[in-house]
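Below is one structure; the comments refer to it alone.
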Amino acid sequence: MEDMLYHSVPKLELHRHAEGSVRTETYIDILRSRGLGGLLPVKLRDREAVERLISIGPDDKRGFHLGLSHFAWLRHAFADKEAIARILAEAIEDAAAEGAVYQELRLSAGPLLAKGIPGQDILAAVEEGIRLGERSSGIKAAVILGINREMDLGYAAQVLELAINGAGNGVCGIDLLSDEAYPPEQFAGIYQRALDAGVHRTVHAGEYGSAWNIQTAVRLLHAERIGHGLKLYDGLCPDLPAEIRDRGVHIECCPTSNVIFGVLEQLYAHPLPRMIGDGISVSINTDDPRVIHWGLCREYEEMHRVFQLSPQRIAALMLAAVDSIFRDDCKPYLRGCISGWLEKGKMNYENC
Ligand SMILES: [Zn+2]
């Protein structure tokens, strides 16, 4: 009964990277069909070796830079318009297979521009990927274009331009991602322009960096949402949790990813229950399911096992999180969908 319940919860996923969602078969197929196999140190026909290259194995040392090496290999699959559209569509199908009803996928646009993929091809790929994924899965989805901190600011400006031009055609906002050693302050101008242009904004902050990064993202970058926010209670900004709640900023939690990438020793150390207790809007996400061999249903199960969050309680959190999604046109449908499930649950699963 519990298994069915986890699967049936209408899930929102607001934090999942397209790069971390590539199916191994798709990766091999794209590289083979484009003659890109020579870029890898292993043979494409050796599926296990390819898998080790693009995902975290049980013996790998945990840590941020280990994760980055997988992403460097994964980026080869984002070879052209057709490949990107296929990866996006399949990521939406995979989320739908786990009971997601809405998904926002992040796509790091800077590295694609840097390797010569034209901006209009990126936008065309996003539009086509979302169209195909929504059609085959029946769920709603959109793409957040990611700005890589370590890249030149010129790329950040180009990504913002793409987000403005692609709005309503599959693109729903921007994100600031990658190494938090590059402070958020330098992107204040870009985020101010995003605010002025009506582009939705989230920022990876307080994952590897401190609560200062979260505070800067909220105050200076006008972030509506924070990716991870794990360090919210590190003591550097004691008034920040109340400020986050009062501003209505949403935190996209990715608890298992935090453990696998070595930011948290144990899942129980995640501040999710404290955030909920403080009245902060949260969602529960997988971040990079293919890289960490993980899924949404298992994440929900873990939240129940470790924090006693029942499927109904998580659904209630998701209902509140609808306010923070970046596709305003989907809000009424999603509210109806989750409320309906909760109502039905009251009748059918009262004792679960
Ligand atoms: Zn992330």
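The values are calculated or read from the model by the stated rules, or taken from the named source; none is laboratory data. In this text, all values refer to a predicted model and were calculated from it rather than measured experimentally. Here the Cβ is made from the backbone with ideal geometry for all residues, glycine too, and neighbour counts use every protein chain on show. Heads up: the accessible areas ignore ligands, DNA and RNA and are worked out on the full protein's heavy atoms, side chains in. Shrake-Rupley method; radii C 1.70, N 1.55, O 1.52, S 1.80 Å.
Candidates Ile164, Ile144: the one that is without any contact (Cβ under 8 Å) to a residue 60 or more places away in the chain and among the β-branched types (Val, Ile, Thr) is Ile164.
Kindly indicate whether Ser339 is in a helix (DSSP H, G or I), polar (S, T, N, Q) and crowded, with 20+ Cβ neighbours inside 10 Å.
no
Name the single residue, out of those in segment 183-212 being of a type in the set (Asp, Glu) and in contact (Cβ under 8 Å) with a residue 12 or more places away in the chain, that is nearest to Arg149 (Cα to Cα). Steps first, please.
First, pick out the residues of segment 183-212 that are of a type in the set (Asp, Glu): 185, 196, 207.
If we keep only those that are in contact (Cβ under 8 Å) with a residue 12 or more places away in the chain too, we end up with 185, 207.
Numbers: Glu185: 11, Glu207: 14 Å.
Per the stated criteria, the residue is Glu185.
Selection of helices (runs of 4 or more DSSP H) fully inside segment 1-54 by the criterion of at least 2 residues being within 30 Å of Pro332 (Cβ to Cβ) and more than 16 Å from the ligand (Cβ to nearest atom) returns 2-8. Residues of segment 20-51 that are of a type outside the set (Lys, Arg) and within 23 Å of Gly99 (Cβ to Cβ): Gly20, Ser21, Val22, Thr24, Glu25, Thr26. I'm trying to understand the selection: among the residues of segment 49-67, which are touching a helix residue (DSSP H, G or I) at 6+ places or on another chain (Cβ under 9 Å), small (Gly, Ala, Ser) and at pLDDT 90 or above? Result: Ser55, single match.
Kindly indicate whether Ser33 is polar (S, T, N, Q), closer than 25 Å to Phe261 by Cα and either open to solvent by 20 Å² or more (accessible area, probe 1.4 Å) or at pLDDT 95 or above (or both). Here the answer is no, as Ser33 does not meet what is asked. With respect to being open to solvent by 40 Å² or more (accessible area, probe 1.4 Å) and not in a loop (DSSP other than H, G, I, E, B), Glu90 falls outside the description. Within segment 168-182, residues that are in contact (Cβ under 8 Å) with a residue 24 or more places away in the chain and within 11 Å of the ligand (Cβ to nearest atom) sit with their Cβ atoms under 9 Å from residues that are in a strand (DSSP E or B) and hydroxyl-bearing (Ser, Thr, Tyr), at 6+ positions apart or across chains, in these pairs: Asp175/Ser108; Asp175/Thr202; Leu176/Thr202; Leu177/Ser108; Ser178/Ser108. Answer yes or no: is there a residue in segment 282-289 that is touching a helix residue (DSSP H, G or I) at 6+ places or on another chain (Cβ under 6 Å), more than 16 Å from the ligand (Cβ to nearest atom) and among the aliphatic types (A, V, I, L, M). Scanning segment 282-289, I find no residue that is touching a helix residue (DSSP H, G or I) at 6+ places or on another chain (Cβ under 6 Å), more than 16 Å from the ligand (Cβ to nearest atom) and among the aliphatic types (A, V, I, L, M), so the answer is no. Residues satisfying the criterion are absent from segment 234-254 (criterion: more than 16 Å from the ligand (Cβ to nearest atom), within 30 Å of Glu128 (Cβ to Cβ), open to solvent by less than 30 Å² (accessible area, probe 1.4 Å) and outside any helix (DSSP H, G or I)). Taken together, the residues in segment 255-269 that are assigned to a helix (DSSP H, G or I), open to solvent by 30 Å² or more (accessible area, probe 1.4 Å) and more than 16 Å from the ligand (Cβ to nearest atom) amount to 2.
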